[in-house]
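Taking it in order: structure first as structure tokens, then the write-up.
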Amino acid sequence: LAANPDFGSPVGTIMFWIKSAGTVPPGSSGAMLFDRRIEPVAGFSSCGDVIVQSDDGSITVQPQYYGANVLSAPLSGGSVSDNKWHQIAYVYDQATTGSITLYVDGAPVGSGTYKTDYAWAWPATQQIELGQSHDAFWEFFDGQMDDVRFYNRVLTDTEVALVYSSDALVDPAALKLRFNFDSAPGGMGVSWSPSVAVPETAGTVTGPYVDQT
């Protein structure tokens, strides 16, 4: 997803569903679920955050400032690598006195505060990556993802649980992004090359086929 001011809120909620049997190489550790982080270089005062499916099936987040993990401890909440659908929700407040909370299947499984008195922020020009990362250290996500949401405010425990149990939008005005995959997205096309291509499972072909948009 291209960078957008709607994704720059200092408080918010990131939410999605995943189904995965576990992590796989290539990569060194953990499958990337959500990546909007820039490794620290001169001129960048804040690095963003990642949400990772760890190799042991837990979920970990790493908001960072100048490359230092600013959590009191990584947040993990049970194994999600059981090839069943799980809702993941991540609530954050980037202020120096802020905190983060992680939810799995509508229930809070951990919260954390920051080690230092530095606030962190989203890198304004960095894209959002779902299921993969520009950093080769991380593994690609091996599974399915659905109903990706980005709210520009903190959702309460009750609201997160309501989304889990009923699929409610909760606060449409605060919902800045939603990919629910209920229908085919617009702007996609299918082209046949050559126009008499034969599907692998077909013994004969009755083409020609025409391009569809």
- prompt: What residues qualify as long-range amide H neighbours of GLY110, i.e. H under 5 Å apart, gap of 5 or more or another chain, H built at 1.01 Å from N?
  reply: LEU102
statement: Expected sort for 97-109, 11-23, 125-137 on mean C-beta neighbours within 10 Å, highest first, is 11-23, 97-109, 125-137
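Bear in mind these aren't lab numbers, they're just calculated from the coordinates by the rules spelled out. Keep in mind that what you see is a predicted model, and the values were worked out from it rather than measured. Please note: Cβ atoms are built from the backbone with ideal geometry, for glycine as well, and neighbour counts cover all protein chains shown.
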